[in-house]
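Presented below is the structure to which this report refers.
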Amino acid sequence: MKRPPLSLVVVLFNMRREAVRTLHSLSTKYQQEIAADDYEVHVVENGSTEPIEASTVRQFGPNFHYHRLTNPPPSPAHALNYGVAQ
């Protein structure tokens, strides 16, 4: 599978409402002159007590990927590194 030229990582922690707005702003429905094949978005849920649903992330397009970490370290650095590795 060919990788897109741009990968974005979004780390979430207890921010369901804000997450939906952020992901929408990264979607092809909001962005201009870009296709889903041009980039991918890795959403990493970093141990939230009320995590966003994977289906909510996937609704933004086939280039959006959901990852949920359970019991991660307190720093978001681990989640960010995990997302980059994906």
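Read-outs: derived from the displayed coordinates by stated rules, not from any lab. Keep in mind that what you see is a predicted model, and the values were worked out from it rather than measured. Glycine also receives a Cβ, built like all others from the backbone with ideal geometry; neighbour counts cover every protein chain displayed.
Structure above, values below:
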{"read-out": "Other-chain or far-sequence residues with amide H under 5 Å of Ser7's (modelled H)", "value": "Glu40"}
{"read-out": "Gaussian network model of the chain, springs between alpha carbon atoms under 10 Å - residue of Leu23, Leu12, Leu69 with greatest fluctuation", "value": "Leu69"}
{"read-out": "Loop GluC sites (Glu not before Pro), segment 5-86 (other Cβ atoms within 10 Å of the site Cβ: 14 or fewer; DSSP)", "value": "Glu33, Glu53"}
{"read-out": "Backbone HN-Hα couplings from phi across segment 48-65 [Karplus 6.51/-1.76/1.60, Hz, Gly and Pro as x]", "value": "4, 6, 10, x, 6, 7, 4, 5, 5, 5, 5, 5, 7, x, x, 8, 9, 10"}
{"read-out": "Derived scalar couplings ³J(HN,Hα) [segment 7-18; Karplus, 6.51 cos²θ - 1.76 cosθ + 1.60; whole Hz; x for Gly, Pro]", "value": "10, 10, 10, 10, 9, 10, 8, 6, 9, 4, 4, 5"}
{"read-out": "Residue range of the chain that is longest and free of trypsin sites (Lys or Arg not before Pro) which are both DSSP loop and sparsely packed (at most 16 other C-beta within 10 Å)", "value": "30-86"}
{"read-out": "Within a Gaussian network of the chain (alpha carbon springs, distance under 10 Å), most fluctuating of Ala35, Ala54, Ala19", "value": "Ala35"}
{"read-out": "Inverse mean reciprocal Cα-Cα distance (Kirkwood Rh) of segment 2-86, Å", "value": "13.0 Å"}
